[in-house]
Each structure stands twice: as C-alpha cells, then as structure tokens.
Protein chains: 2
Amino acid sequence: MAAWTQRLAGVRGVLLDISGVLYDSGADGGVPIAGSVEAVARLKQSQLKVRFCTNESQKSRGVLVGLLRRLGFDISEGEVTAPAPATCQLLRERGLRPHLLVHDGIRSEFDEIDTSNPNCVVIADAVDDFSYQNMNKAFQVLMELENPVLISLGRGRYYKETSGLMLDVGPYMKALEYACGIKAEVVGKPSPEFFKSALHEMGLEAHQAIMIGDDIVGDIGGAQRCGIRGLQVRTGKFRSVSGCIASPPPTKSRVGHVFCF
Amino acid sequence: MAAWTQRLAGVRGVLLDISGVLYDSGADGGVPIAGSVEAVARLKQSQLKVRFCTNESQKSRGVLVGLLRRLGFDISEGEVTAPAPATCQLLRERGLRPHLLVHDGIRSEFDEIDTSNPNCVVIADAVDDFSYQNMNKAFQVLMELENPVLISLGRGRYYKETSGLMLDVGPYMKALEYACGIKAEVVGKPSPEFFKSALHEMGLEAHQAIMIGDDIVGDIGGAQRCGIRGLQVRTGKFRSVSGCIASPPPTKSRVGHVFCF
C-alpha cells in the first residue's frame, strides 16, 4: 500500500470514465460493473472531488444520467463532461453549420444549432446509422467544401457492450479522413482541451487529479499528456494485449479499487 | 506532338483501367465515357497489346465483361486482370479461410474457397453491405484472431458513379486497420504484384507498357513504382485538386487521347 499512497500523493480529485468503468452499455440499457456503484458512493463521501469525463455520444447527458441513476449511481447532469456540449460551443464560436452523422439519441443536443447549408461534418458514435448511405452522404458533403472540416466526438477504436466489442466512432472518422485526404478535429478525450475543461469545472490543477478509465489511449494517454495521473482499470474494453498500463496493476481489477483512497 | 512521341517511345502495350476511364458505373448499369468505345477499338486494331487492369470488386469478371460488351466495348474475360481471382490464389497458397465482407455480386468468385471457421477477413467494395452490423462482425472476427489478417481488394478512396462520388473499399479498410491496430494486405492496384501479373499476361516488361487510369494513387502511382509509365485521364474521379498528374496534361481530357498512339 505504501507505493500506492505515494502514487496518489496530492490527489484532490478523480475523473471517472463511464462506459467500461462504471457500467457496460447494451441494448437492454446495460449493467453496472461489480463494485462500481459502491465505489462512486464512497468517493463522494470522501474529501475528493469527483467528475465524470465521458466520450459518450450515443445518448444525451440527460438520458445517460437518468440511465445511470436507475442503475444505482449517485450522479447528476452537472457533474458530467461530455463532447456534444463542447462541440456545440465550438460550432457557435466558429460559425460552423454541421451536417450531422450522429445517433438519434444525441441529436437533441444540437437542437439550437443551425444545420442549414452545411459547411462542416460532425461525426459521433452513430452505431446502426453508420450505413453506407449515411457515410457516403457525409463524404459527399465534405468533398463539396473548399476547406472541408470534419469534427469527431472522440476517436475511440471500440467499446464493450454486454453483447461484445463494438466499433466506436474512431474507425469511421479514419474512413472519412482517408476518403477526403483530411484530418479530423477531435472533441472529447484524448483532446487536451477536453481534460482542461473538466479540470476547470473541478477547480483543480492537472497534478491534483487522477483519471480512471479503460482506454489506454483516450483515457490514460490523454490524461497523462495533460499532466494528469492515469489509472487503467481491467474492465470494459481492457485487453492485456492493448498496451502497457499506466501504473502497476492493482491486486484486483475493479474500479472498486478506488476504495483504497 | 513531338513530346508525346518521345514519351511513348518503346511502348508496346497499354494497361487500361475500366471504371472512370471506359465508363462511369451506376445503378442503371452505367454509361460509356465519350470516345472510349472507339478508343478501345482503335487500340485493338493497332500493334499494341491491350489489357484491362481493374480493381472492380462489386461484380464478377463475367458480369463486368458482359456489361461492357453491351455498352459496345470489344473486351473478353481473359483480357481482364481483377483482384478477386488473385485473392483466391493467395488464400489457397496460405491456407486462409476468409470471412467475406464483399458485395453479393462478387461472392460467386469465392465459391470454391473454404469459408468455415474463418482465420482472416477479406474486404471488397461492398457498397450498401458496408452496414454497421457487417463492419462490426468483420471487426469481431479479426479481434478473435491471434494473428489477425485483413486482405483488401484495392484501397481506392472513392470512385465516380453516374449519381456522384461514392466511397470505395479503402476508407473501410482504414476503419478496420485503425479499430484492430493492424495493417491490411492489399490485392489489386497499387500492389506491385498485381501490375506484374498483368505485365506477365501481356508478355511485356514494365518499360514497354503504359497504364491509363483516373486514380493518381492506385493507377498512376502504382504503375510508376513498378517502372510502368502512367497517364492520368481527366474523366471518372479525376479532380484537379487531387494531386499533380503524372505527365503534362494532353490538350483534350478523354481517354480518346490514346487515339494519338
């Protein structure tokens, strides 16, 4: 425990990924990962600040929080940093009118955004809406633009549902990048701006926080590049072949390990 | 004309791309590009050897040739180098059993291939069959393999149909590469083996041939890397922004320029 105490010295806040850390999503709504409901409750009873930092882009924050509350989590909408609201802010700042290739579940987040005569494409985890026809339409919109702008809500490779591993938005972002010869702008983890925004909401500096996630690139790598400590859980999409983990593995593999704080 | 005569010195054979050079494909079967039927006829009357070198992977060679003959082209199945037969040969040589993510129109080319208990994925221009579900299945097959093998029939970014630009197999190949952290093996242009196979069929050396295509990467770049001269037409997917062309542009923009041979 001495080593862990040292590693966690000065930590005043915890950033928690949601999918694969708190729960595994699924067509049935998903299931909590064993110990995670209790871990969140215990964190909130501690002196630590807690913020949920997710790339969820199938569901609006309201729907996601409602689902997690039904699963027993102590969470409110204001505690969640998610890419859709950050994207809306960026679109407004730059006068961009998006063609949306997104899941119906998150479309309401863009209700107040002008989508007429698009001058960019916004892509998110669209699941079944990643049809050839929809991908081709997004491609054609980009190819018609003199300066094509592609904004991607995250760039995750895949995530785990109760039914198995599922392609995330990243592969489709790469497909459009290659087709159009462009580079997407990523909103969400691992973008530094996204982590900084979450830190700002917590009123903490990078060295005072730790990010707990299952994605070695999006969660751990992204956090570390901002000076935030990273801890990879062995739930969700974790695979022992996916790369080295950020810290020596704890003796158990659950987010419940934050109990030792 | 002097410059062109010099550029074509020693050429004894012509490799012709099909889609975007001879015709624009489409739901209605497609339409010949103006002058191309006559150009092929004239080439065949000349002393030059002619071979059709295509990445077509929606249609079997038989169906493609039947379509082109109905459009007026003088072409036979034995004159076509296409990726599906080359892929079957590769699968047999390496004892690979593919999970096929291909268009129904080309499935018959794999009739004699064992597809039970797959140990690789073969991807081709699947058009509407590039559904999320089908892409996710291919991804899951690859993730289950200890040494995932992804074989792609071409890696084109897009092609032109009568209805507009259409995503080709390349973007979907990139999506699976990124999702699985692997590199695909490409069968078809711009693979050197593919051009060498076409040259072998013609009985020519690389310096004796010229490749005529609309794709600066697949047709022109691929040919040039094998020592074959390349000539980009301004039909099909050609866009002035897609890169520099391989030779100074001719005064007209049609494949009909091969008339000047």
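A compact table of results
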{"quantity": "Inter-copy separations for residue A:147, label at 7 Å along Cα-Cβ, nm, ascending", "calculated": "4.8"}
{"quantity": "Column: log10 I(q)/I(0), Debye, Cα scatterers of the stretch A:16-57, q = 0.18, 0.21 Å⁻¹", "calculated": "-0.55, -0.71"}
{"quantity": "The protein assembly as shown - charge dipole about Cα centre, Lys and Arg +1 at Cβ, Asp and Glu -1, debye rounded to 20", "calculated": "1260"}
{"quantity": "Shortest-first distances to equivalent copies, position residue B:32, nm, label 7 Å out along Cβ", "calculated": "7.1"}
{"quantity": "DSSP-loop GluC sites (Glu not before Pro) across the stretch A:112-181, with at most 15 other Cβ within 10 angstrom", "calculated": "A:112, A:146"}
{"quantity": "Tail beyond 16 Å, pair distance distribution of the stretch B:64-111 (Cα, percent)", "calculated": "51"}
{"quantity": "For residue B:26, residues with placed amide H under 5 Å, excluding near neighbours", "calculated": "B:162"}
{"quantity": "Label distances, nm, residue A:78 versus same residue in remaining copies, Cβ-directed 7 Å point", "calculated": "8.0"}
{"quantity": "For the stretch B:13-25, Karplus couplings with θ = phi - 60° (6.51, -1.76, 1.60), whole Hz, Gly/Pro x", "calculated": "x, 10, 9, 10, 5, 10, 5, x, 10, 8, 8, 9, 6"}
{"quantity": "Hydrodynamic radius of the protein assembly as shown per Kirkwood, over alpha carbon pairs, in Å", "calculated": "25.2"}
{"quantity": "FRET E, pair residue B:77, residue B:207, Förster distance 35 Å, beta-carbon r, rounded to 0.05", "calculated": "0.80"}
{"quantity": "Neighbour-count ranking [beta-carbon atoms within 10 angstrom, fewest first] of B:87, B:115", "calculated": "B:115, B:87"}
{"quantity": "Footprinting exposure proxy for A:102, B:141, B:169 (fewest neighbouring C-beta atoms within 10 Å first)", "calculated": "B:141, A:102, B:169"}
{"quantity": "Entries of A:59/B:137; B:183/B:237; A:137/A:174 with Cα pairs more than 19 Å apart", "calculated": "A:59/B:137; B:183/B:237"}
{"quantity": "Globularity ratio of chain B, using Cα Rg and 2.2 N^0.38 Å", "calculated": "1.00"}
{"quantity": "Shielding by other protein chains, A:168-181, mean Cβ within 10 Å", "calculated": "6"}
{"quantity": "Local net charge near residue B:11, Cβ-Cβ under 12 Å (Lys/Arg +1, Asp/Glu -1)", "calculated": "+3"}
{"quantity": "Gain upon complete extension [residue B:112, residue B:163; 0.36 nm per residue less C-alpha separation]", "calculated": "14.9 nm"}
{"quantity": "Helix B:169-180 vs. chain B, principal-axis angle (Cα, 0 to 90°, nearest 10)", "calculated": "30"}
{"quantity": "Residue B:225 versus residue A:92: modelled label distance in nm, points set 7 Å from Cα along the beta carbon direction", "calculated": "4.8"}
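Read-outs throughout are calculated quantities, based only on the coordinates presented, and are distinct from any laboratory measurement. What you are looking at is a predicted structure, and each value in this text was computed from that prediction instead of being measured. For neighbour counting, all protein chains shown are included, and Cβ atoms are generated from backbone atoms with ideal geometry for every residue, glycine included.
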